[in-house]
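Worksheet for the structure shown next.
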Amino acid sequence: MIFGGSGSPSRPGFRPVGSRHLTSRHHTWALGAVPTRSVACPGGRRQVLILGRCGAKDSDLRRLSSTLPDDLTWKWPGAYTVIEESDEAVVIHTDPASTRPIYLVSHDGGWVWSSSARALASLTRAAVDVERLACSIFLPSIPALSAGRTFFCGVEQLPPGCRIVLPVCGSTPRATTVWRPDPCETVPPAERLLTALFESVAERVRSDPMVSCDLSGGLDSTSIAALATVALPYGTRLNAVTIHPEGDTAGADLGYARRAAAAYSGRINHRLLAMSTQHRPYTAMSTVPATDEPAPSTITQARLTGQLRWLREEFGTRTHMTGDGLLFQPPVHLADLVRHGRIRRALSEGFGWAGLRRASPLPFLRDAVLVSRMSRTSALAELTDSVGGRRHSDHGSVGWFPLLPYPSWAGASAAALLSASARRAASAPDQLPGLDASVRTLVDEVREVARTAAADVELAAASGIDLNNPFLDPLVVDGVLRTPLDRRPPLHSYKPLLSSAMADLLPHAVANRQTKGSFEADHYAGLRANMPELLELAHGRLAEMGLIDATGLVQCLGRAAAGVPMSLATLEQALGSEAWLAAHAREPEPAWTSSRSGPSHD
């Protein structure tokens, strides 16, 4: 399902073939089953549309005045976009988490917007943005390098947490930032998280009581399953699934999942799903459908689609919830403590972080002092000379923008493209100036995860499943990011905010779990089993673009298949991007029509 519209009422409206208009003004359209709610404002000169899943009650919407509140897109549970239509303008309210990303192109003297970047690319015949691809492969850890850009030239993402006015004359849109995660001192953080997360889960349950959930045994998904069980009507059981390797039912994750299910005996229908060799990572990557961007689950798509198809067959599932909460503190939190004079706490957390990493605390504390004196803009400026160099991983170090190792198989053009992105990012004004470094970093990370998760939602939709992660609801994200400095969890702790919030709803052992099972061995096994297909991907479009050196990548694949220990992160980013490029080239582009003509791409 996608939706979109035109920002120029005086010009012909463009929409995909098969879509339908949602209002009499013919500005906004939908293709597929898009949850839509409409509010006519007093006087009838303006209409408000809420597109996507939204937990607002009808009485809430009736109270909307002629001036919409700033917190409109994070006021209620769900992930949704708000559109104001009038004869004078179209106004788009974007959610602050980027859970429902909205894209824009200039076309035929006006503006066309949509929830699908690929659809807009087909309208304007946009080519793939090679520089954006380079950032996603080599520096996905620094979302600031590609803020506002999509994987298609000329198609931009509207800024999250903003009110954007699209002028009828086709001039430059006017964006006003309306969301800012300033600290909230009135409600304890754990209470605020629990309230927001429960409302987000309950909204899914209300809309589909047959919803199913992951129950992995980890804290995130188990919390979602427990809250869904509480929210279900009495007498209704939650369908919860735990996946495990075929022939192995003794893993730690499965043990924790069983404890959680036992705590809700009679209210959870707990089922185990064995994953065989046909579900290994890297299997059938070339069969992924075309999405707006490379989906995070491309590498593990065989497991995801296998699980979703099983859910459809076994339970008739239409809505499925998973859990992946970004509830860790980034290391740059140490710099915030130093900047605010919390020296004793900075020392304590610095030693705790160093203990986890089995390193001396002195480098962490020294960097914390240096970074506390550095602005985000100056840190971006320094990246211009740093990206693309041979270096060790900065993962876990204290800095605004830690770098990943630059692979030996990077292509000849990659470093220059990364430097160009760094220069552009350094010259762009910060939409949220003055925030603590850890909060500003988390804003970037949450938006990156939420936006890319939308591609996973597209993968799931191909299996007939509406995939949801309530942790990414703007209501939840807003609550977590407003935690004051003195109440933020320690750097070296494992999700204490969620543990505290769920203490009365989960068994003690589950609520206080400090680890999660690793699937690293599965990745190496899957890589060996699927080597012929991976070698084909290595000689694909990325090599033609100069982003990778195919010979070097093949050698790296060989070392990984031989069991040589290495980080697979960048390698998997490249392979996932290549699979995405193949899907984009293989699958038909959406056809468009306008009010003045029949089906066309123009």
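The table below lists the values:
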| read-out | value |
| --- | --- |
| Residue pairs meeting the criteria (Cβ under 6 Å; at least 6 apart or on separate chains; first under 20 Å from GLU589 (Cβ atoms) and in contact (Cβ under 8 Å) with a residue 24 or more places away in the chain, in the range 283-311; second open to solvent by 20 Å² or more (accessible area, probe 1.4 Å) and in a loop (DSSP other than H, G, I, E, B)) | PRO289/ALA462; ALA290/GLU587 |
| Residues of the range 34-82 classified as closer than 21 Å to THR195 by Cα, of a type outside the set (Val, Ile, Thr), assigned to a loop (DSSP other than H, G, I, E, B) and touching a strand residue (DSSP E or B) at 6+ places or on another chain (Cβ under 6 Å), total | 3 |
| Which listed residue is part of a helix (DSSP H, G or I), open to solvent by 10 Å² or more (accessible area, probe 1.4 Å) and at pLDDT 95 or above, from VAL201, VAL205, VAL230 | VAL230 |
| All positions within the range 268-280 that are assigned to a loop (DSSP other than H, G, I, E, B) and either open to solvent by 40 Å² or more (accessible area, probe 1.4 Å) or modelled with pLDDT of 95 or more (or both) | ARG280 |
| Selection count where residues are in contact with a Ser or Thr (Cβ under 6 Å, 6 or more places away or on another chain) and modelled with pLDDT of 80 or more, scope the range 31-51 | 5 |
| Hey, VAL398 surrounded by 16 or more Cβ atoms within 10 Å (Cβ to Cβ) and either under 26 Å from ARG100 (Cβ atoms) or hydroxyl-bearing (Ser, Thr, Tyr) (or both) or not | no |
| The range 422-451, subset hydroxyl-bearing (Ser, Thr, Tyr) and at pLDDT 95 or above, residue nearest to LEU568 (Cα to Cα) | THR441 |
| Test: residue in the range 187-201 that is touching a strand residue (DSSP E or B) at 6+ places or on another chain (Cβ under 8 Å) and either under 27 Å from GLY464 (Cβ atoms) or free of Cβ contacts under 8 Å to residues at least 60 places away in the same chain (or both) | yes |
| Scan of the range 432-466 for residues that are in contact with a strand residue (DSSP E or B) (Cβ under 6 Å, 6 or more places away or on another chain) and open to solvent by less than 20 Å² (accessible area, probe 1.4 Å), ordered by number | ALA460, ILE465 |
| Candidates LEU491, LEU553, filtered to the one that is of a type outside the set (Val, Ile, Thr), crowded, with 17+ Cβ neighbours inside 10 Å and assigned to a helix (DSSP H, G or I) | LEU553 |
| Criterion: part of a loop (DSSP other than H, G, I, E, B) and out of contact with any Pro (no Cβ under 6 Å at 6 or more places or on another chain) - qualifying residue of THR305, THR317 | THR317 |
| Test set (1) open to solvent by less than 20 Å² (accessible area, probe 1.4 Å); (2) within 20 Å of ARG451 (Cα to Cα) - ARG100 fails condition number | (1) |
| Extreme residue, nearest to the chain's Cα centre (by Cα), among residues of the range 314-329 that are open to solvent by less than 30 Å² (accessible area, probe 1.4 Å) and under 27 Å from ALA231 (Cβ atoms) | GLY325 |
| Matching option when the condition is of a type in the set (Ser, Thr, Tyr), open to solvent by 60 Å² or more (accessible area, probe 1.4 Å) and under 20 Å from THR483 (Cβ atoms), among THR176, THR186, THR172 | THR186 |
| Every residue from the range 86-116 that is in a loop (DSSP other than H, G, I, E, B), in contact with a helix residue (DSSP H, G or I) (Cβ under 7 Å, 6 or more places away or on another chain) and of a type outside the set (S, T, N, Q) | ASP95, PRO96, ALA97, PRO101 |
| The range 76-87 residues that are more than 14 Å from LEU166 (Cβ to Cβ) and open to solvent by 10 Å² or more (accessible area, probe 1.4 Å), paired with ones that are part of a strand (DSSP E or B) and of a type in the set (A, V, I, L, M, F, W, C) (beta carbon under 6 Å, 6 or more apart) | TRP76/CYS54 |
| Some residue of the range 357-380 being open to solvent by less than 20 Å² (accessible area, probe 1.4 Å) and out of contact with any helix residue (DSSP H, G or I) (no Cβ under 6 Å at 6 or more places or on another chain) | yes |
| Residue pairs meeting the criteria (Cβ under 8 Å; at least 6 apart or on separate chains; first in contact (Cβ under 8 Å) with a residue 40 or more places away in the chain and hydroxyl-bearing (Ser, Thr, Tyr), in the range 111-122; second crowded, with 24+ Cβ neighbours inside 10 Å and assigned to a helix (DSSP H, G or I)) | SER114/LEU120 |
| Residue in the range 521-538 that is hydroxyl-bearing (Ser, Thr, Tyr), out of contact with any Cys (no Cβ under 9 Å at 6 or more places or on another chain), under 24 Å from THR300 (Cβ atoms) and without any contact (Cβ under 8 Å) to a residue 12 or more places away in the chain present | no |
| Filtered residues of the range 539-549 (kept if hydrophobic (A, V, I, L, M, F, W, C) and either modelled with pLDDT under 95 or open to solvent by 20 Å² or more (accessible area, probe 1.4 Å) (or both)) | ALA543, MET545 |
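Condition check ((1) farther than 18 Å from LEU311 by Cα; (2) touching a strand residue (DSSP E or B) at 6+ places or on another chain (Cβ under 8 Å); (3) open to solvent by less than 60 Å² (accessible area, probe 1.4 Å); (4) in a loop (DSSP other than H, G, I, E, B)) across all residues:
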{"site": "CYS213", "(1), (2), (3), (4)": "no, yes, yes, no"}
{"site": "SER216", "(1), (2), (3), (4)": "no, yes, yes, yes"}
{"site": "HIS244", "(1), (2), (3), (4)": "no, yes, yes, no"}
{"site": "ASP248", "(1), (2), (3), (4)": "yes, no, no, yes"}
{"site": "ARG259", "(1), (2), (3), (4)": "yes, no, no, no"}
{"site": "SER265", "(1), (2), (3), (4)": "yes, no, no, yes"}
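The rows are residues; the columns are (1) open to solvent by 10 Å² or more (accessible area, probe 1.4 Å); (2) of a type outside the set (A, V, I, L, M, F, W, C).
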| site | (1), (2) |
| --- | --- |
| ALA290 | yes, no |
| PRO296 | yes, yes |
| LEU304 | yes, no |
| ARG312 | yes, yes |
| PRO331 | yes, yes |
| LEU334 | no, no |
| GLY341 | yes, yes |
| GLU349 | no, yes |
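The values are calculated or read from the model by the stated rules, or taken from the named source; none is laboratory data. Predicted model only: the values in this text are computed from it and were never measured. All Cβ positions, even for glycine, are placed from backbone atoms using ideal geometry, and neighbour counts span all protein chains on display. In case anyone asks, the SASA skips ligands and DNA or RNA and just uses the protein heavy atoms, side chains included. Shrake-Rupley method; radii C 1.70, N 1.55, O 1.52, S 1.80 Å.
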